[in-house]
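Asker: Next up is a structure, given as structure tokens.
The values are calculated or read from the model by the stated rules, or taken from the named source; none is laboratory data. None of these values were measured; they are calculated from a predicted model. Here the Cβ positions follow ideal geometry from the backbone for every residue, glycine too, while neighbour counts run over all protein chains shown.
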Amino acid sequence: MRTKSRFVASQCHELDLKIGETIIGIERCSNYWSEAELTLLWVGATAAVFRVRERTLVRPEWTNKGESSTWNLSWRDWKKVILE
């Protein structure tokens, strides 16, 4: 699902994302791809903090990127990770 809101906190609400839940989104350009896995750690009035893992065509294994509050969720189609 793609989000429409301006602020990342509102984007999290659009995705019905709760603290501790994870989303995955992929970005493609020609033959290149980049996939991100974001786990929501905190959400405020306008901002949110995620634990980030990424992988790419060049580096296909998941790499931990730490915590980040600079994401805008409107640029990818996100899917919630459902744990069984």
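Asker: Give the range 48-67 a look and list any residue that's in contact (Cβ under 8 Å) with a residue 24 or more places away in the chain and under 13 Å from the mean Cα position of the chain (by Cα), or say none.
Answerer: A48, E67
Asker: Based on what the data block shows, is L17 touching a Phe, Trp or Tyr at 6+ places or on another chain (Cβ under 7 Å) and either at pLDDT 95 or above or among the charged types (D, E, K, R) (or both)? Walk me through how you get there before you give the answer.
Answerer: Working: touching a Phe, Trp or Tyr at 6+ places or on another chain (Cβ under 7 Å): no; either at pLDDT 95 or above or among the charged types (D, E, K, R) (or both): yes.
When the stated conditions are applied, L17 does not pass them.
Asker: Taking the range 70-84, which residues are hydroxyl-bearing (S, T, Y) and touching a residue at least 60 places away in the same chain (Cβ under 8 Å)? Even if it seems obvious, please write down each step before you answer.
Answerer: Here is the first cut: in the range 70-84, the ones hydroxyl-bearing (S, T, Y) are 70, 74.
Passing the criteria: only S74.
Asker: While we're looking at this one, here's another question. Search the range 41-51 for residues being assigned to a strand (DSSP E or B) and not aliphatic (A, V, I, L, M), and hand back the single one that is surrounded by the fewest Cβ atoms within 10 Å (Cβ to Cβ).
Answerer: Initial filter on the range 41-51 (assigned to a strand (DSSP E or B)): 41-43, 48-51.
This time we only want the ones that are not aliphatic (A, V, I, L, M), so: 42, 50-51.
Details: W42: 12, F50: 26, R51: 16.
Per the stated criteria, the residue is W42.
Yes or no, residue by residue, for (1) outside any strand (DSSP E or B); (2) surrounded by fewer than 17 Cβ atoms within 10 Å (Cβ to Cβ); (3) among the β-branched types (V, I, T):
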residue	(1), (2), (3)
R6	yes, yes, no
K18	yes, yes, no
R28	no, yes, no
T39	no, no, yes
R53	no, no, no
P60	yes, yes, no
G66	no, yes, no
W78	no, no, no
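Asker: Which is closer than 21 Å to R55 by Cβ, more than 13 Å from the chain's Cα centre (by Cα) and polar (S, T, N, Q), of S30, S34?
Answerer: On the way: S34 fails: more than 13 Å from the chain's Cα centre (by Cα).
Answer to the check: S30.
Asker: Do we find that S34 is surrounded by 15 or more Cβ atoms within 10 Å (Cβ to Cβ) and free of Cβ contacts under 8 Å to residues at least 60 places away in the same chain in this structure? Break it down stepwise before answering.
Answerer: Values: surrounded by 15 or more Cβ atoms within 10 Å (Cβ to Cβ): yes; free of Cβ contacts under 8 Å to residues at least 60 places away in the same chain: yes.
Taking the combined requirement at face value, the residue satisfies it.
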